[in-house]
1. Could you tell me which residue of the range 28-71 is nearest to residue 17 (Cα to Cα), considering only residues that are of a type in the set (Lys, Arg) and within 26 Å of the chain's Cα centre (by Cα)?
2. Where the second residue is part of a helix (DSSP H, G or I) and among the acidic types (Asp, Glu) and the first is assigned by TED's automatic domain parsing to the domain that holds residue 122 and modelled with pLDDT of 80 or more and lies in the range 149-164, which pairs have Cβ atoms under 8 Å and are six or more apart or on separate chains?
3. Looking at the range 153-162, which of the residues that are surrounded by 11 or more Cβ atoms within 10 Å (Cβ to Cβ) and of a type outside the set (D, E, K, R) is farthest from residue 132 (Cα to Cα)?
4. In this structure, is residue 97 of a type in the set (A, V, I, L, M, F, W, C) and surrounded by 12 or more Cβ atoms within 10 Å (Cβ to Cβ)?
5. Check whether at least one residue in the range 125-142 is of a type in the set (D, E, K, R) and either in a helix (DSSP H, G or I) or closer than 30 Å to residue 26 by Cβ (or both), and report yes or no.
6. Kindly check whether there is at least one residue in the range 103-116 that is more than 16 Å from residue 154 (Cα to Cα), touching a helix residue (DSSP H, G or I) at 6+ places or on another chain (Cβ under 7 Å) and of a type in the set (Val, Ile, Thr).
7. With a cut-off of at least 2 residues that are within 30 Å of residue 145 (Cα to Cα) and of a type in the set (D, E, K, R), name the strands (runs of 3 or more DSSP E) lying wholly within the range 1-112.
8. Cβ contacts < 7 Å: first residue in the same structural domain as residue 156 (by TED's automatic domain parsing), restricted to the range 112-140; second residue crowded, with 23+ Cβ neighbours inside 10 Å and part of a helix (DSSP H, G or I), any location; separation 6+ or different chain. Result?
Amino acid sequence: MPALKMSAHTKGDTRVTTIDINGLESLDFSHDYDRDGFRHLKLKLTGEDGTEVRIYCGRFADDLESLHSLFEELVTETAGELESWEDDPDPESDGWIQEDRGGYSVSLEGIAVGTFSSRDRAEYELALAMTAAGVFPNLIYCNDRGNTFQNYDSMRPWHDDGGTDMIPNALERLRELVPEDELFAGEDEEGDD
């Protein structure tokens, strides 16, 4: 996905320009001077790849007061959103467990890990793949009806307190959860048993 995408259209009598920045890294406020020596308020948005978008928003004290008020409103509005926000599931960047015809297909960032007969085994394998790859994305469980759910609570116990390595007794814990005859039978896992 490109880091910066722009589009423009007309809505009634208003010209609208949309700027999408993939992965906003920073938002800075400062001022610049134009060729005539006038000071202008400047917002600078920087994407994860270093792409910058500069927005000049006035040059008078009233403009600064207006900008300040708008940011206060923005902070108030986004506080409520943060409480309930969940990212939309994305198979290309998330960890997935998909319930499928009596099995559980696992993928990490769009790459298949394998299909497993139990959900516990699928969670174990996804946690193991995350640790091996060093990536810890959103975790999604998709049931057989296509409904998706954040899967953090059942996945995190497989990782240590730091969240970047498997717990020391992970395989023993898996053996407690899954009967031995079902543990490795009839699965098309990609990795080693």
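The values are calculated or read from the model by the stated rules, or taken from the named source; none is laboratory data. All of these numbers come straight from a predicted model, not from anything done at the bench. So basically every Cβ, Gly included, is an ideal-geometry build from the backbone, and we count neighbours across all protein chains shown.
1. Step by step, filter the range 28-71, then rank; the result is 54.
2. That search, which allows pairs on different chains as well, returns 158/123.
3. Filtering the range 153-162 down to residues surrounded by 11 or more Cβ atoms within 10 Å (Cβ to Cβ) leaves 154-160.
With the extra rule that they be of a type outside the set (D, E, K, R), the set shrinks to 154-155, 157-159.
Details: 154: 19, 155: 15, 157: 16, 158: 13, 159: 12 Å.
Checked the range 153-162; the qualifying residue farthest from residue 132 (Cα to Cα) is 154.
4. Yes: the conditions hold for residue 97.
5. Yes, the range 125-142 contains at least one residue that is of a type in the set (D, E, K, R) and either in a helix (DSSP H, G or I) or closer than 30 Å to residue 26 by Cβ (or both).
6. Yes, the range 103-116 contains at least one residue that is more than 16 Å from residue 154 (Cα to Cα), touching a helix residue (DSSP H, G or I) at 6+ places or on another chain (Cβ under 7 Å) and of a type in the set (Val, Ile, Thr).
7. By residue number, 95-100.
8. Close Cβ pairs satisfying both conditions: 113/125; 113/126; 114/125; 116/122; 116/125; 136/130.
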